[in-house]
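Structure, as structure tokens:
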Amino acid sequence: MNDCIFCKIINKEIPCTKVYEDENFLAFLDIRPLGPGHTQVVTKKHYRFVWDVPNIGEYFEVVKKIALAQKKAFNADIVRSQIYGEEVYHSHVWVWPEVPGDATNLKENAEKIKTALL
């Protein structure tokens, strides 16, 4: 879709703070984070809703990978997630650790998650 902000991010027309990428999925930090490390996990192919994604199991394996990295990176007991689709018409899952801290330092928070993914 030409006007989809997530498609523009995937196509590198809009910058993002990327924490993970593979052939089918991209994970990047939310620009209006609910907490440190708040990540959007999106499909690279445009689907309107998460429930439209044919390889949904693979999708949730990536979401799990990000959540476990956040748990490790931020020493979090709880990692929250939420499936959205009302604001941006592109399949996406929010994942964020429930911890105090600076949510606005995107570069530092991204590095913590990327290091925990290794």
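The values are calculated or read from the model by the stated rules, or taken from the named source; none is laboratory data. Since we're looking at a predicted model, the values are computed, not measured. Cβ atoms come from the backbone with ideal geometry, glycine included; neighbour counts cover every protein chain shown.
Pull out all pairs, ordered by first then second residue, where Cβ-Cβ is under 6 Å, the residues are six or more apart or on different chains, the first lies in region 20-46 and is more than 19 Å from Lys72 (Cβ to Cβ) and touching a residue at least 24 places away in the same chain (Cβ under 8 Å), and the second is among the aliphatic types (A, V, I, L, M) and exposed (fewer than 15 other Cβ atoms within 10 Å of the Cβ).
From residues that are more than 19 Å from Lys72 (Cβ to Cβ) and touching a residue at least 24 places away in the same chain (Cβ under 8 Å), the pairs are His46/Met1.
Give region 74-118 a look and list any residue that's out of contact with any Pro (no Cβ under 8 Å at 6 or more places or on another chain), aliphatic (A, V, I, L, M), in a loop (DSSP other than H, G, I, E, B) and within 18 Å of Arg32 (Cα to Cα), or say none.
Listed by number, the list holds a single entry, Val88.
Answer with yes or no whether Leu34 is assigned to a loop (DSSP other than H, G, I, E, B) and either of a type in the set (A, V, I, L, M, F, W, C) or within 16 Å of Cys4 (Cα to Cα) (or both).
Yes, satisfied.
Specify which of the listed residues (Ala69, Ala103, Ala73, Ala116) is at pLDDT below 95, touching a helix residue (DSSP H, G or I) at 6+ places or on another chain (Cβ under 9 Å) and small (Gly, Ala, Ser).
Going through Ala69, Ala103, Ala73, Ala116 in turn, just one is at pLDDT below 95, touching a helix residue (DSSP H, G or I) at 6+ places or on another chain (Cβ under 9 Å) and small (Gly, Ala, Ser): Ala103.
Any residue that is at positive phi and assigned to a loop (DSSP other than H, G, I, E, B) - is there at least one of those in region 51-73?
no
Can you tell me which residue within region 13-34, out of those that are in contact with a Leu (Cβ under 8 Å, 6 or more places away or on another chain), farther than 15 Å from Ser81 by Cα and not polar (S, T, N, Q), is surrounded by the fewest Cβ atoms within 10 Å (Cβ to Cβ)?
Ile31
Conditions tested, residue by residue: (1) surrounded by fewer than 18 Cβ atoms within 10 Å (Cβ to Cβ); (2) within 28 Å of Asn2 (Cα to Cα); (3) within 14 Å of the chain's Cα centre (by Cα).
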| position | (1), (2), (3) |
| --- | --- |
| Val63 | no, yes, yes |
| Gln70 | no, no, yes |
| Ile83 | yes, yes, yes |
| His90 | no, yes, yes |
| Trp94 | yes, yes, yes |
| Pro100 | yes, no, no |
| Asn109 | no, no, yes |
| Ile113 | no, no, yes |
